[in-house]
Structure formats: C-alpha cells, structure tokens
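Have a look at the structure below, then the notes.
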Amino acid sequence: MMDARKMREKAFHDQEYADEVRWQAVDKYYSIIEGRARFWEDFLRARCAGKRVLEYGCGQGKYTPRLAEFGGNVTGIDLSETAMANARASARAAGVEVEFKAMDAEALDFPDQTFDVICGNAILHHLDLDRSFSEVARTLKPDGVAIFMEPLGHNPLINLKRRMTPTLRTPDEHPLKMSDFRLARKHFGSVDIHAYHLLSLTAVPFRRAAIFARLVAILDRLDAALFRWLPFTARYAWYAVAVLSDPRPVAAAAVEKDGAGD
C-alpha cells in the first residue's frame with residue numbers, strides 16, 4: 001500500500017498535470033538555465049545511442065523523446081498515472097517510440113542491471129534518497145552512468161523564495177544538501193557534482209534586455225571560476241548536476257533488507 005508521503009506527492013502531481021498548472025511565480029528564473037541545460041544535453045547525447053535508457057520521474061514526458069532522438073531505447077517512469085497517460089498520448093502524436101510506465105521510483109519494477117543510462121530532472125528531492133539511490137544503483141549496469149539535475153537547499157535567499165511560494169510545492173520536498181551527496185557515495189563509487197546558478201541569478205531582472213544572453217554567459221563563467229577557486233560557495237548555488245557511476249549493488253541490497261522491517 002502506498003504510504004502517506006507518496007499519496008501526497010501523487011495527488012499533487014496528478015492535479016498539476018490535469019490542470020496544466022504553470023509556475024508563473026518562478027518561470028522567470030528558468031531563463032538563465034542554458035549553461036546547465038547544455039551540459040545535460042551534451043552528456044546524454046554522447047551516451048544514449050544504442051543504449052537502454054531510463055528517464056526516472058519523467059513527468060509528462062516532455063523531454064523523453066529527445067532521449068529517443070539520441071538513439072536510446074527509452075523507458076520513462078513516473079508515479080502519476082495522469083502524467084503517464086499524457087506522455088503516451090504525446091509520444092503517439094509525435095510518432096516517437098517510448099515506453100511509459102506508472103511506477104514508484106523507490107521500488108522499480110525492473111531487473112538488476114537493466115539500464116546503461118538513468119537520468120532525472122528535479123526528481124530526487126521528492127524521494128527518500130537512500131531508497132532511490134539504492135534502486136538507481138541496483139538497476140544500473142556496472143559500467144552505466146546516472147545523471148540528475150536537482151535544486152540545492154543551502155542558500156537562505158532561495159529558501160526564502162521557496163517559503164513565499166508554498167503552493168508550488170508538496171510539503172515533502174527537500175532540496176538537496178551536500179550531506180545528501182555524501183549519502184550517494186554509499187551507493188556509487190563516483191559522485192561528480194557540478195554546481196550552477198549563483199551569480200547568474202542576478203541576471204534575471206534583465207531577461208528582456210538585448211544583452212541578456214551575453215550577460216548570463218559571462219556570469220556562468222564567473223560562477224564556474226568561483227566554484228573552482230572557493231569550492232564551499234558551490235553549496236549556495238540554485239542547482240547542481242550530479243553524475244553517478246560505479247554503482248555498488250551490495251549497498252543497494254543492504255538498504256532493501258533494512259527497509260523490509262519498516
């Protein structure tokens with residue numbers, strides 16, 4: 001039986017997808033994400049061709065067809081049946097072959113070592129991280145790789161903005177902390193973190209100006225230099241991209257055993 005947390009998440013997203021809710025209060029901040037999105041897309045384009053690919057928490061599957069275009073044999077999963085119905089309809093209309101399954105991301109219905117690539121965008125912060133890292137590690141092939149884009153939870157100004165827009169989020173969301181990435185190292189031999197968007201957030205008020213794209217590019221470079229020279233500042237970024245490899249299935253099996261007594 002689905003626990004209360006998952007029922008809240010499912011109900012929230014079923015309603016969101018049914019109503020086509022737009023995040024108008026925060027959409028403007030997504031004007032600065034080109035650098036992060038380019039890293040994500042280049043990474044997946046280089047790794048998907050001829051591979052089994054899982055989009056983990058794919059929502060309505062708006063990005064999933066791109067993975068198929070990159071040559072992947074693609075499956076998308078999400079807890080929301082509404083999202084999966086919409087994703088199937090969109091894929092059929094676009095003539096794209098993608099498998100969509102309504103599924104609990106913390107208890108994947110796939111055999112061990114199924115996927116070469118697992119990716120997810122803003123999904124982990126909705127989940128029990130130990131269980132989700134465990135399932136990603138279990139279903140990833142030994143030479144496979146996982147990549148996730150996730151919001152970070154250390155910046156007090158960003159957290160204030162989140163508190164000012166509570167209806168845009170479920171009560172169980174938890175933007176990731178650096179301790180969460182240490183937890184990931186329990187399940188993966190390699191955890192590579194790329195931080196994005198700290199100084200570049202100051203470009204948002206200029207998003208309609210002719211110089212906007214150039215300004216964001218300059219600030220992205222300054223962010224990269226700042227995070228390299230003063231690594232502790234990376235925790236105050238808005239987002240991080242985590243690249244996980246060298247899965248540790250023994251650790252994954254231990255979590256499953258521990259969870260049996262819950």
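Here A46 clears all of (1) crowded, with 19+ Cβ neighbours inside 10 Å; (2) free of Cβ contacts under 8 Å to residues at least 24 places away in the same chain except the condition numbered (1). For the stretch 207-223, a residue qualifies if it is modelled with pLDDT of 95 or more and either of a type outside the set (G, A, S) or crowded, with 17+ Cβ neighbours inside 10 Å (or both), and the qualifying residues are I211, F212, R214, L215, V216, I218, L219, D220, R221, L222, D223. Annotation note: Cβ proximity below 9 Å between a residue of the stretch 97-123 that is of a type in the set (S, T, N, Q) and a residue that is surrounded by fewer than 19 Cβ atoms within 10 Å (Cβ to Cβ) and assigned to a strand (DSSP E or B) (sequence gap 6+ or interchain) occurs for Q113/K141; Q113/P142; T114/K141.
Selection within the stretch 132-167: residues that are assigned to a helix (DSSP H, G or I), among the charged types (D, E, K, R) and buried (at least 19 other Cβ atoms within 10 Å of the Cβ). The member of this set that is nearest to the chain's Cα centre (by Cα) is E135.
Determine which member of the set E81, E99 is surrounded by fewer than 18 Cβ atoms within 10 Å (Cβ to Cβ), modelled with pLDDT under 95 and at negative phi. Matching residue, one of E81, E99: E81. Just a yes or no: is a residue in the stretch 176-194 surrounded by 21 or more Cβ atoms within 10 Å (Cβ to Cβ), touching a His at 6+ places or on another chain (Cβ under 8 Å) and either on the phi < 0 side of the Ramachandran plot or among the charged types (D, E, K, R) (or both)? Checking the stretch 176-194: at least one residue is surrounded by 21 or more Cβ atoms within 10 Å (Cβ to Cβ), touching a His at 6+ places or on another chain (Cβ under 8 Å) and either on the phi < 0 side of the Ramachandran plot or among the charged types (D, E, K, R) (or both). When restricted to residues that are among the charged types (D, E, K, R) and within 15 Å of the chain's Cα centre (by Cα), the stretch 105-131 contains 2. Do we find a residue being of a type in the set (D, E), touching a helix residue (DSSP H, G or I) at 6+ places or on another chain (Cβ under 7 Å), assigned to a loop (DSSP other than H, G, I, E, B) and modelled with pLDDT of 95 or more anywhere in the stretch 107-125? Within the stretch 107-125, one or more residues are of a type in the set (D, E), touching a helix residue (DSSP H, G or I) at 6+ places or on another chain (Cβ under 7 Å), assigned to a loop (DSSP other than H, G, I, E, B) and modelled with pLDDT of 95 or more. One residue stands out in the stretch 156-189 among those that are over 15 Å from S134 (Cβ atoms) and of a type in the set (D, E): the one that is modelled with the lowest pLDDT, namely D172. Looking only at residues of the stretch 197-252 that are basic (K, R) and in a loop (DSSP other than H, G, I, E, B), we find that the one that is nearest to E135 (Cα to Cα) is R248.
For H194, indicate whether it is at pLDDT 95 or above, within 19 Å of the chain's Cα centre (by Cα) and part of a loop (DSSP other than H, G, I, E, B). Can you show your working first?
Numbers: at pLDDT 95 or above: yes; within 19 Å of the chain's Cα centre (by Cα): yes; part of a loop (DSSP other than H, G, I, E, B): no.
In short, no.
Counting only residues that are free of Cβ contacts under 8 Å to residues at least 40 places away in the same chain and part of a loop (DSSP other than H, G, I, E, B), how many does the stretch 178-191 have? Adding up the residues that qualify gives 1.
The values are calculated or read from the model by the stated rules, or taken from the named source; none is laboratory data. Everything numeric in this text was worked out from a predicted model, so none of it was measured. Using ideal geometry, Cβ is built from the backbone for each residue, glycine included, and neighbour counts are taken over all protein chains shown.
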